[in-house]
1. Could you list, in sequence order, all residues of segment 192-225 that are part of a loop (DSSP other than H, G, I, E, B) and farther than 23 Å from V303 by Cβ?
2. Before we move on, is E189 under 30 Å from E226 (Cβ atoms) and assigned to a helix (DSSP H, G or I)?
3. In segment 38-72, what residues are of a type in the set (F, W, Y) and either farther than 13 Å from R83 by Cα or touching a strand residue (DSSP E or B) at 6+ places or on another chain (Cβ under 8 Å) (or both)?
4. So, K136, is that one touching a residue at least 24 places away in the same chain (Cβ under 8 Å), within 17 Å of E103 (Cα to Cα) and surrounded by fewer than 22 Cβ atoms within 10 Å (Cβ to Cβ) or not?
5. If I ask for residues that are among the β-branched types (V, I, T) and without any contact (Cβ under 8 Å) to a residue 12 or more places away in the chain, which ones from segment 148-190 would you list?
6. What is the residue count in segment 114-130 for residues that are open to solvent by less than 50 Å² (accessible area, probe 1.4 Å) and out of contact with any Phe, Trp or Tyr (no Cβ under 7 Å at 6 or more places or on another chain)?
7. Considering only segment 31-58, state which residues are open to solvent by 50 Å² or more (accessible area, probe 1.4 Å) and part of a helix (DSSP H, G or I).
8. Here's a check for you: in segment 59-83, which residue that is open to solvent by 40 Å² or more (accessible area, probe 1.4 Å) and in a loop (DSSP other than H, G, I, E, B) is nearest to F30 (Cα to Cα)?
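The values are calculated or read from the model by the stated rules, or taken from the named source; none is laboratory data. Everything numeric in this text was worked out from a predicted model, so none of it was measured. Neighbour counts run over all protein chains shown; Cβ positions are idealised from the backbone, glycine included. Accessible surface is based on the protein model in full, side chains and every heavy atom, while ligands, DNA and RNA are left aside. Shrake-Rupley method; radii C 1.70, N 1.55, O 1.52, S 1.80 Å.
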Amino acid sequence: MNRRLKRGTNPVFSVKGDEAPEYFVQLSHFYLTLINLEPNEGEHYSLLGEMLEYASHYKTCKSVLQNFYSQHPDKTMESCHERAYKLSPNNMYVCEKLSHFYEVVVRDSNKAIELYTHITTSFPEKSAFAHHHIAKLEMIKYKKRKNPACLNTVIYHYKKAISLDTTNVEAMNLLGLALCKLGPDGYEEAKALFEHAIGIRDDSRDTRDVTTTRVRYSVCLLKMGEYQHGYKQMEKALENHGKFRFSVLGEFDRFFNEEMRTCPNDPMPLIHKARVRLLLKRPEEAKSMYNDALRLGYVPIPVAPGLEWPW
């Protein structure tokens, strides 16, 4: 039996829409056969639950899903994952899939955190992904409540994730952002993390994750008052504007707009947004934002050669 298929590398998730129903029928038969052969093996239920989730992404699978559920009313996504956990509570794959189900499908963050926490205690050496997901869910709580305790939890779990996977650039990025929310006390550590993350991925040309890191690194430097270095990183990041599916300009604006909402009378976010426009050769937009910053009380500061404002 192909273990690679059994581990959930499911063709349903990658095939074209018109091909998905046939794959669904084949795989549902395959996983149901596994369950009949080994009814006490929880992993089989996890795989079926995952496959049902994948199939639900396809409009073309709607009728075959309805047919499946009419024939097997006890085999819903939730019942499959719950049955898997009941049979194999100490199987990491089963725990991971149930956690993912509650996080992504049910959107019950408390239940998902509970299950990810179970993974961190049961499989401490293999739980980098679980710490990562706990941190992401706790960050959502922090953004809603602005509770410092949530932020401390976020930082703890990202640090644990990185200690278990020292190449996890996304965790370094997100930890850096969390540290920046601590204010000046977190800037130096965040700066070092961003520099390390860029060093891991840096090569002859920036990849998407390096570009994302440069955006956040630049914002961190600007928060620290290191304007020349910050604008240099900003310029490097903007070299890739339009090369990826996400907007580098949009990434910068997201950070500066958040600062403007937090401190509406601070002119610096407008200055930084103006600098972004200038680097993208949009001088009229840049000048308008610069003038708005002057009205908020901005006092021009000396800049390095090449960074002078053109007006």
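1. Pass one, segment 192-225, residues part of a loop (DSSP other than H, G, I, E, B): 202-207, 224-225.
Correct list: D202, D203, S204, R205, D206, T207.
2. On the way: under 30 Å from E226 (Cβ atoms): yes; assigned to a helix (DSSP H, G or I): yes.
Against the criterion (under 30 Å from E226 (Cβ atoms) and assigned to a helix (DSSP H, G or I)), E189 qualifies.
3. Y54, Y58, F68, Y69
4. Values: touching a residue at least 24 places away in the same chain (Cβ under 8 Å): yes; within 17 Å of E103 (Cα to Cα): yes; surrounded by fewer than 22 Cβ atoms within 10 Å (Cβ to Cβ): yes.
Yes; evaluated as a whole, the condition is true for this residue.
5. Residues of segment 148-190 among the β-branched types (V, I, T): 153-155, 162, 166-167, 169.
Listed by number, the list holds a single entry, T166.
6. Let us first name the residues in segment 114-130 that are open to solvent by less than 50 Å² (accessible area, probe 1.4 Å), namely 115-116, 118-120, 122-123, 127-128, 130.
Then keep just the ones that are out of contact with any Phe, Trp or Tyr (no Cβ under 7 Å at 6 or more places or on another chain); that gives 116, 118-120, 122-123, 127-128.
Of the residues in segment 114-130, 8 are open to solvent by less than 50 Å² (accessible area, probe 1.4 Å) and out of contact with any Phe, Trp or Tyr (no Cβ under 7 Å at 6 or more places or on another chain).
7. T33, N36, L37
8. H72
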